[in-house]
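Heads up, the thing below is written out as structure tokens.
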Amino acid sequence: MAGSKPKLLSLDAFAKTVEDAKVKTASGGIITLVCVLVVLLLIRNEYSEYTSVVNRPELVVDRDVNRKLDINIDITFPNLPCDLVTLDILDVSGDTQADVLKSGFEKYRLIPSSNEEVLDNAPVLRNDLSLEDIARNPNKEGGGFCGSCYGALPQGDNEYCCNDCETVRLAYAERMWAFYDGANIEQCENEGYVTRLNQRIEQKEGCRIKGTAQINRVSGNMHFAPGYAKTSPGRHIHDLSLYEKHFDKFNFDHVINHLSFGLDPVKEDPNHQSTHPLDGYRLILNDKSRVISYYLKVVATRFEFLSGLAMETNQFSAIPHHRPYRGGKDEDHRHTMHAKGGIPGVFFHFDISPMKIINKEQYAKTWSGFVLGVVSSIAGVLTVGAVLDRSVWAAEKAIKSKKDI
């Protein structure tokens, strides 16, 4: 044992000094106090970082591509009556959802004279039936009333009947005939449709539309356009007769109150940062011949919280663009020529990403990281303090020796 002591002594990295050999100075006391304050400040910062929560994103392949995606819309058209607006959804898979406003959407009439929003309770036709189902005469053999379709459907053998205004309007749309306001059509006149529509036009009513639709997770577009639509192979046409009849009325100026895909995390947690860039977006052009487009890139997003709960939603970016559907030169950019074609309306072109972002809530530091940070802070400050103290002590000795000379 005696022979092993020198070897252990040579390995001692913490050499001791004799108490009598230590010299204490006022400058050393000041440096010590400063070091203590700095250490306490650094420890507080380390603890604040240790207890703070951060989101760490991770990019993975989205495995929910076969599920439907909700699209939530709340949009206001101040210069367009509710009777004139239709909403259709088309995608690259070939699926078409026509006149979606009849499926769970709420339409509010905006009355300028009283500055009110009134729920539009005008009767609507079921959109889960085809025109043939709606207009087919159930009493073909037994006679009975059979309303005229005005040539839009064959009625020679009483197979089809148009007994209400909506059926006539739908029949006109199937033949791509101009319907205008339904004037001189007996069913529309008797139901008060013509009077109601013209009254709303004269009052310069607007429309606010709220609701949720479901789309496939593929590229496509959702658009608001005037008049009934007819979809045929390679074509999607709207009846613009009433929209173009009044050259000094109607346009698609609008305010997007809200647009989101899937679950809205802001509704679930008011403190959550909004990921909806178009909320509150306003576009006023005062031009009825505009095709207004929004190009949306949608990415599925999952939030995983420290509590163990998780929430599925979607984030998206948006690029707005508008042009006259009659084409021609751009007034603001003289070297730009707009393409001719399309219809007036508001189009949301969505492109669904096959990737998914997972945002995981985590503490900024682990317990071991916090301890290591505290130890490093103390050691660093003490090392700098020791160097500073030695420098001050050496300077004091040098000054004192010069004075003694």
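Quickly run through the range 195-228 and pick out the residues that are hydrophobic (A, V, I, L, M, F, W, C), under 29 Å from residue 94 (Cα atoms) and crowded, with 21+ Cβ neighbours inside 10 Å.
Applying the first criterion (hydrophobic (A, V, I, L, M, F, W, C)) to the range 195-228 yields 197, 201, 207, 209, 213, 215, 218, 222, 224-225.
Right, trim to under 29 Å from residue 94 (Cα atoms) and you get 209, 213, 215, 218, 222, 224-225.
Scanning the range 195-228 gives 209, 215, 222, 224, 225.
For residue 318, only one of the following conditions fails: (1) more than 23 Å from residue 77 (Cα to Cα); (2) modelled with pLDDT of 90 or more; (3) small (Gly, Ala, Ser). What is its number?
Only one criterion in (1) more than 23 Å from residue 77 (Cα to Cα); (2) modelled with pLDDT of 90 or more; (3) small (Gly, Ala, Ser) is unmet by residue 318, namely (1).
Are any residues in the range 155-195 within 12 Å of residue 135 (Cα to Cα) and in a loop (DSSP other than H, G, I, E, B), and if so, which ones?
Passing the criteria: 155, 158, 159, 161, 162, 163, 164.
What about residue 336, is it surrounded by 13 or more Cβ atoms within 10 Å (Cβ to Cβ), of a type in the set (Val, Ile, Thr) and either free of Cβ contacts under 8 Å to residues at least 24 places away in the same chain or touching a Gly at 6+ places or on another chain (Cβ under 8 Å) (or both)?
no
What about residue 257, is it in contact with a Gly (Cβ under 9 Å, 6 or more places away or on another chain) and at pLDDT 90 or above?
Considered against the rule, which asks whether it is in contact with a Gly (Cβ under 9 Å, 6 or more places away or on another chain) and at pLDDT 90 or above, residue 257 comes out as yes.
Have a look at 205, 186 and point out the one that is acidic (Asp, Glu), in contact with a strand residue (DSSP E or B) (Cβ under 6 Å, 6 or more places away or on another chain) and more than 22 Å from residue 236 (Cα to Cα).
On the way: 186 fails: in contact with a strand residue (DSSP E or B) (Cβ under 6 Å, 6 or more places away or on another chain).
Every option except 205 fails the conditions.
The values are calculated or read from the model by the stated rules, or taken from the named source; none is laboratory data. Since the model is a prediction, treat every value here as computed from it, not as a measurement. Quick reminder, even Gly has a Cβ in these numbers, built from the backbone with ideal geometry, and neighbours come from all protein chains shown.
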